[in-house]
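*Asks:* Structure below; questions to follow.
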Amino acid sequence: GSESGLNVYVKALKLAPACVDLWVHYCQAAVSADGAEDGLRELFEKAVETVGSDWRAFPLWDLYMNFEEKNRRWKRLGSVLRRAMVVPMEGLPAVRIRLRALVLGDAAPPLEELCCDDAESNQLDVESNRTQSYDPQVRQVMTVSLAEHVAVSLAPVAPVAPVAVESEEELE
């Protein structure tokens, strides 16, 4: 059944722990197998701890965000969003779009439900065993409030003014 299928992923990850795609498929299979919420969260945390900083890790982060949103764990979703926003990954623009949609969407929770104060943020870090793995500069960026990230992602983008070219010689 699904348990033996999940064991295949566990064995494969012992051989290739840095494979983002393998972690994504494992997490998808675990979610499909309807595991316990806390157990699934631990799996996601192990996955993002192992490969979450990879350039191709967006599908993993997206799956984790979907999980927290589906379970309506808004503070945890806010924490995952805040963490994903500091990872230089190819899907970073999609993370910002998701944050914007979440904040401005019709079914959006109140912003304060997405934000953690420092004590809550530290508690979520302790629960996830993440406190030791970040250097102080990264930790400082991660503790910036989600409201500040929202302000940045909601800021209007100034249009670029066209440049007038009077002759083809100016182009060369």
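The values are calculated or read from the model by the stated rules, or taken from the named source; none is laboratory data. Because the structure is predicted, anything quoted here is derived from the model rather than measured. So basically every Cβ, Gly included, is an ideal-geometry build from the backbone, and we count neighbours across all protein chains shown. In case anyone asks, the SASA skips ligands and DNA or RNA and just uses the protein heavy atoms, side chains included. Shrake-Rupley method; radii C 1.70, N 1.55, O 1.52, S 1.80 Å.
*Asks:* From largest accessible area down, sort K70, K75; use a 1.4 Å probe on the protein chains.
*Replies:* K70, K75
*Asks:* Here is a follow-up. With the crude spin-label approximation of a point 7 Å out along Cα→Cβ, what separation in nm comes out for A33 versus N71?
*Replies:* Result: 1.6 nm between the two label points.
*Asks:* Could you pull out every one of the lysines with an alpha carbon less than 19 Å from that of K14, ignoring same-chain neighbours closer than 8 positions?
*Replies:* K46
*Asks:* Round to a whole number: what % of the accessible area of the stretch 1-57 belongs to carbon and sulfur, probe 1.4 Å?
*Replies:* 55 percent
*Asks:* Run the simple label-point estimate for E42 and V10 please: 7 Å along Cα→C-beta, distance reported in nm.
*Replies:* For E42 paired with V10, the spin-label model returns 1.1 nm.
*Asks:* With every protein chain present, what accessible area does E90 have (1.4 Å probe, heavy atoms only), rounded to the nearest 10 Å²?
*Replies:* So the heavy atoms of E90 present about 100 Å² to solvent.
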